[in-house]
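The values are calculated or read from the model by the stated rules, or taken from the named source; none is laboratory data. Predicted, not measured: the structure shown is a model, and the values here were computed from it. Glycine also receives a Cβ, built like all others from the backbone with ideal geometry; neighbour counts cover every protein chain displayed.
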Amino acid sequence: MNFKSLESVNSKDILKVFNESFADYFVPFKLTENQLVSKMTSDKINLNLSVGVFENQKLIAFILHGFDTINNQKVVYNGGTGVMPKNRGQGITKKMYDFALPILEKNGIDKIILEVINENIPAIKSYEKVGFKTTRELACFKGIFKPKNSNTVVETIELQNYDWNLMESFWDIHTTWQNSKNVLDDLKKDNDARAAYINGQLIGYVIYKPKSKQIQQIAIHKSFRKKGIATKLIAELAEKYGSYFSVINVDKKSKHVTGFFESLGFEYSIEQLEMELDLNKD
């Protein structure tokens, strides 16, 4: 086995291993090449920091690493670990990190974060062997929106400019990587954002990704909650794009958010753990 970065590996080769790796996953899925490229763009994947394992010059495993600077820290995000089924049980995930960690440290990376389905015990144990620790429990939802009473007082319009200082003041919890402001700033052209106003004051918003039917962020000013504002925002999206929605990686500590999706009749699809590896030695 040879270990090296994915810098010179084309997307078709990554796609083959990706789809075979996830064919028998807890939530099986298969991507097209365009979908993989879109995912890699959304996740800010940096192939220089990503890892590939090669056997007879063929890719058999990978870790896709995204990169961003968050709160003055250099952060790497594991956007997917894939190992060909016939190569499992050889500790390849740990070996990939044994190869990657010195490179990441040399590049001044402060920490690595990832999400893993909480039932995927083998993967969790592999990450724990590397040194990852669980930081949060996350819930994912899916469901059909059924029209219900919503607020008729607020004005709703397209949200064109993201005032993150104001919008973050509505949050109870911080988003995970795929729903973070850094990612959403790059996806503006692909997303539909709606805002709710009262007397010219922004009091709530939703950011939605039509391609995946996914609500990426929704937040309401703390003084205006439980007034049907979030429901109205989602109702407008349902009218435009259809009634099916999915939501990924909601921090389970936020009872306001999880309770809201439950009140809409959305069901839990999967639960995940967010794990983190601190690379700072001091």
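For this structure, a couple of remarks:
- Filter pass, K240 being assigned by TED's automatic domain parsing to the domain that holds N149, surrounded by 17 or more Cβ atoms within 10 Å (Cβ to Cβ), part of a helix (DSSP H, G or I) and among the basic types (K, R): no
- Qualifying residue in region 257-270 (condition: out of contact with any Phe, Trp or Tyr (no Cβ under 9 Å at 6 or more places or on another chain), surrounded by fewer than 18 Cβ atoms within 10 Å (Cβ to Cβ) and acidic (D, E)): no
- Checked against the criterion of being in contact with a helix residue (DSSP H, G or I) (Cβ under 9 Å, 6 or more places away or on another chain), closer than 24 Å to S269 by Cβ and either surrounded by fewer than 12 Cβ atoms within 10 Å (Cβ to Cβ) or at pLDDT below 95 (or both), the candidates K213, K148, K209 yield just one match: K148.
- Per-region count, region 104-122, residues within 14 Å of L277 (Cβ to Cβ) and either touching a Leu at 6+ places or on another chain (Cβ under 7 Å) or without any contact (Cβ under 8 Å) to a residue 60 or more places away in the chain (or both): 8
Each row is one residue, and each column tells you yes or no for (1) over 24 Å from Q178 (Cα atoms); (2) among the aromatic types (F, W, Y).
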residue: N87; (1), (2): yes, no
residue: I92; (1), (2): yes, no
residue: Y97; (1), (2): no, yes
residue: E105; (1), (2): no, no
residue: I109; (1), (2): no, no
residue: I121; (1), (2): no, no
residue: S126; (1), (2): no, no
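- Residue within region 145-157 that is over 25 Å from K39 (Cβ atoms) and part of a helix (DSSP H, G or I) present: no
- Selected residue (criterion: farthest from G79 (Cα to Cα)) from residues of region 43-64 that are of a type in the set (S, T, N, Q) and surrounded by fewer than 21 Cβ atoms within 10 Å (Cβ to Cβ): N56
- Candidates L49, L104, L59, filtered to the one that is farther than 26 Å from Y268 by Cβ, part of a helix (DSSP H, G or I) and of a type in the set (A, V, I, L, M, F, W, C): L104
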